[in-house]
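The values are calculated or read from the model by the stated rules, or taken from the named source; none is laboratory data. Note that the structure is a prediction, hence the values are computed from the model and not measured. All Cβ positions, glycine included, derive from the backbone under ideal geometry; neighbour counts span all protein chains shown.
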Amino acid sequence: MKCPNCGVYLLDPVDTEPEERPKVRPKSRFTLAVESLIRKLRREPPIAEELFTGAMREAILFDDLLRKVGGDRDTAGRLIEYERQQKPNATRLTCLQNAIQRWERENQR
């Protein structure tokens, strides 16, 4: 069970049944660029996905990392910070991706 305010697991996620979550698959950069160009030619305003794609990807990855560490936000933050120390010029998105990859490598069964 998750807290409705912050999404942190209130019970051990191993003891709960997995939630059915909709699969979110962001569009490719090329597809977004073509759609953006068409919208500009038509003088239409940009769509939200176009404006917030990076933030949505970060949120999806952070949620994935948070699930992997059992809802412990401090641990997730430390993993991201460790990746930032390894590559100081990396974006948060890259740090999240690297933290997830490292966690998966180190926690293989």
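Phe30 meets the conditions (1) touching a Pro at 6+ places or on another chain (Cβ under 7 Å); (2) at negative phi in every case but one. The failed one is (1). Look at the range 17-38: where a residue is modelled with pLDDT of 65 or more and a partner is in a loop (DSSP other than H, G, I, E, B) and surrounded by 10 or more Cβ atoms within 10 Å (Cβ to Cβ), sitting 6+ places away or on another chain with Cβ atoms under 7 Å, you get Ser36/Pro46.
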